[in-house]
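Below you'll find the structure, written out as structure tokens, and then a few comments.
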Amino acid sequence: MRNLLLFLTGILLAAGEVACTNGESAAPPESGGTANLAVPTDTTPAAKGLDTALYNRNLERMANGDESGRWPVRGPYPLEGAVLPFYRVVAFYGNFYCTGMGILGEFPPPVVLQKLRAQVREWEKADTLTPVLPAVHYIAVTAQSSPCDGTYRARMPEKEIRKAMAMADSLGGLCFLDVQVGLSTLQQELPRLLPYLRSAHVHLGIDPEFSMKSGQRPGTVIGSFDAADINYVTGVLATLVKENQLPPKILVVHRFTQAMLTNSRNILTRPEVQVVINMDGFGSPDLKRSSYLHFVSRQPVQFTGFKVFYKNDAKSGGRIMSPAEMLQLKPRPVYIQYQ
């Protein structure tokens with residue numbers, strides 16, 4: 001734990017030069033509130049145009065022979081145009097201002113795109129039955145080690161967000177905007193991203209690690225979100241999808257400890273949103289498999305993701321897991337993130 005917190009603090013200090021910019025170029029629209037939905041069942045009617053037979057087959061493939069009864073998760077069919085489980089998403093993660101936060105900040109955009117194309121090809125070879133969509137996963141709200149305006153978070157300017165969207169467009173892929181709220185809240189941060197999320201190819205990520213409900217500075221302890229927070233976000237996204245006649249949004253929720261995501265069994269699934277719980281820890285393959293088993297696989301929500309750290313996984317005698325190894329997991333992750 002101490003090494004982890006020192007590592008996180010180092011990242012936050014490195015990111016401090018982002019400066020405490022608000023990056024506000026558009027007035028925040030109304031959030032729409034949380035939809036009042038009952039707990040879904042697998043009797044929910046399928047959306048017109050959805051290939052339910054292929055959807056069900058892909059769910060079974062994703063379960064990878066799981067015998068626990070947890071996978072596949074049965075819930076409402078998504079709206080037409082859903083990405084998951086028809087595709088696997090392979091994403092590069094980071095912030096353009098900081099080399100320590102991921103590969104997006106380590107290289108110029110042309111090099112990043114070249115490397116991402118190569119990583120996508122590896123996955124296409126490893127699993128020939130699942131098409132791959134490349135993605136740029138950009139941290140649009142970053143936790144900070146300094147107070148800024150008291151929230152310990154910095155909002156990225158519009159030009160940087162548009163840059164991430166343009167990179168994704170150049171690949172024919174997806175863009176994810178990630179939120180680290182610090183001492184702010186999802187209710188304060190999410191509405192300001194809705195203008196970007198109105199684009200069909202733009203999706204969302206939220207990071208409990210830097211949600212400091214305790215009031216402590218980011219990087220000193222690991223933060224948390226509750227199911228109520230996730231349901232607020234999916235309610236807002238569901239309203240956005242319905243009002244703008246969009247395909248379903250993907251919501252990526254990072255997790256590598258039990259306390260990061262409380263009451264996860266109370267998370268609602270909705271036809272308008274596809275929820276991915278992303279195993280976000282670094283370390284040896286055995287440690288990562290254990291984290292995935294305990295905090296993702298055994299606590300099913302809907303879909304799963306798996307993060308690879310190009311640098312930190314390889315430290316201390318560790319190594320980077322291959323696509324073939326990740327495909328042995330039960331269930332198979334449909335979202336893969338490289339930092």
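The values are calculated or read from the model by the stated rules, or taken from the named source; none is laboratory data. Worth saying up front: this structure is predicted, and the values here are computed from it rather than measured. Backbone-built Cβ (ideal geometry, glycine too); neighbour counts: all protein chains shown.
Quick notes on this structure:
- All of (1) under 14 Å from G173 (Cα atoms); (2) among the small types (G, A, S); (3) in contact with a Lys or Arg (Cβ under 7 Å, 6 or more places away or on another chain) hold for A135 with one exception: (3).
- Residue within segment 207-214 that is closer than 20 Å to G105 by Cα, crowded, with 23+ Cβ neighbours inside 10 Å, at pLDDT 95 or above and touching a helix residue (DSSP H, G or I) at 6+ places or on another chain (Cβ under 6 Å) present: no
- Flag for L204 being within 30 Å of P110 (Cα to Cα) and assigned to a strand (DSSP E or B): yes
- Looking only at residues in segment 296-322 that are under 15 Å from the mean Cα position of the chain (by Cα) and not polar (S, T, N, Q), the one that is farthest from T234 (Cα to Cα) is F309.
- Count of residues meeting criterion [surrounded by fewer than 21 Cβ atoms within 10 Å (Cβ to Cβ) and outside any loop (DSSP other than H, G, I, E, B)] in segment 309-325: 5
- Among all positions in segment 255-262, there is no residue which is surrounded by fewer than 16 Cβ atoms within 10 Å (Cβ to Cβ) and more than 19 Å from the chain's Cα centre (by Cα).
- Residues satisfying the stated conditions in segment 262-293, i.e. in a strand (DSSP E or B) and either hydrophobic (A, V, I, L, M, F, W, C) or at pLDDT below 95 (or both): V273, V275, V276, I277, M279
- Every residue from segment 79-111 that is without any contact (Cβ under 8 Å) to a residue 12 or more places away in the chain and part of a loop (DSSP other than H, G, I, E, B): F107, P108
- Checking each residue in segment 63-78 for being charged (D, E, K, R) and without any contact (Cβ under 8 Å) to a residue 40 or more places away in the chain picks out E67, R74.
One line per residue, one yes/no per condition, for (1) in a helix (DSSP H, G or I); (2) among the aromatic types (F, W, Y); (3) under 26 Å from E272 (Cα atoms):
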| site | (1), (2), (3) |
| --- | --- |
| P134 | no, no, yes |
| I139 | no, no, yes |
| S146 | no, no, no |
| Y196 | yes, yes, yes |
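- No other residue among T142, T185, T151, T130 is surrounded by fewer than 18 Cβ atoms within 10 Å (Cβ to Cβ) and among the hydroxyl-bearing types (S, T, Y) apart from T185.
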